[in-house]
C-alpha cells in the first residue's frame, strides 16, 4: 500500500470541511447572541468570569427599571425590577472583577450579576441611586388629584 487513494482523501476533506463549517456557525451564533442590547446604560459582564464565557450577561439600567439580560442558545432570560422595588445594592469586589447583588423589597432572591469591572459596578450603583432619588422626588411633588364631587 502506498497510502490513501483519491476517493478516501476526498471524503476526509469533506468531513473536515463540515467540521470546520460547524465550528464557524457555532462561533457566529455565539457572537450574534452576545451582541449589545439597545439602551443608553448597558453594562456587559466579562467573558472571563463564570457564567459569561459564551454568552455574557448584560445589565440595562433605565429611569424606571433595572433589567438583567442573559442570552441562551435559543432565546434569552430577562429579569426586570422596577426602581421602586430595589431595596439595596451590594457590590462584592474580587481581584479583577465584581459581583453586583440587587435585592428587592418583595422578598425574592436578589438579582446577581457576575463579572463586571469595579468601575462598572460602582457606576451601576450610582445610576440606580440617582434614578431612585429622581423617582421619589417626582412622586412626592406630584399633587394629589381629588375626584370631582357628584350631586
Checklist outcome for this item: Of the conditions (1) under 26 Å from residue 29 (Cβ atoms); (2) at pLDDT 85 or above; (3) within 13 Å of the chain's Cα centre (by Cα), the single one that residue 97 does not satisfy is (3)
Item to check | Test for residue 53: is it without any contact (Cβ under 8 Å) to a residue 12 or more places away in the chain and either under 30 Å from residue 128 (Cα atoms) or assigned to a loop (DSSP other than H, G, I, E, B) (or both) | outcome: yes
Checklist entry - Where residues in region 63-89 are surrounded by 15 or more Cβ atoms within 10 Å (Cβ to Cβ) and in contact with a helix residue (DSSP H, G or I) (Cβ under 8 Å, 6 or more places away or on another chain), which of them is modelled with the lowest pLDDT? => result 71
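Could you please find all residues in region 37-49 being surrounded by 10 or more Cβ atoms within 10 Å (Cβ to Cβ) and either assigned to a loop (DSSP other than H, G, I, E, B) or out of contact with any helix residue (DSSP H, G or I) (no Cβ under 9 Å at 6 or more places or on another chain) (or both)?
At the first step, the residues of region 37-49 found to be surrounded by 10 or more Cβ atoms within 10 Å (Cβ to Cβ) are 37, 39, 41-49.
37, 39, 41, 42, 45, 46, 47, 48, 49 - these are the residues of region 37-49 that are surrounded by 10 or more Cβ atoms within 10 Å (Cβ to Cβ) and either assigned to a loop (DSSP other than H, G, I, E, B) or out of contact with any helix residue (DSSP H, G or I) (no Cβ under 9 Å at 6 or more places or on another chain) (or both).
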Next on the checklist: I need a count of the residues in region 56-94 that are under 30 Å from residue 28 (Cβ atoms), free of Cβ contacts under 8 Å to residues at least 12 places away in the same chain and out of contact with any strand residue (DSSP E or B) (no Cβ under 7 Å at 6 or more places or on another chain).
Outcome noted: 2
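Quick check on region 32-46: of everything there that is over 23 Å from residue 128 (Cα atoms) and touching a residue at least 12 places away in the same chain (Cβ under 8 Å), which residue is farthest from the chain's Cα centre (by Cα)? Spell out the reasoning first.
Here is the first cut: in region 32-46, the ones over 23 Å from residue 128 (Cα atoms) are 32-35.
Adding the requirement that they be touching a residue at least 12 places away in the same chain (Cβ under 8 Å) leaves 33-34.
Numbers: 33: 11, 34: 9 Å.
Only one residue tops the list, namely 33.
The values are calculated or read from the model by the stated rules, or taken from the named source; none is laboratory data. Predicted, not measured: the structure shown is a model, and the values here were computed from it. Because the Cβ atoms are built from the backbone with ideal geometry, glycine has one as well, and the counts that use them run over all protein chains shown.
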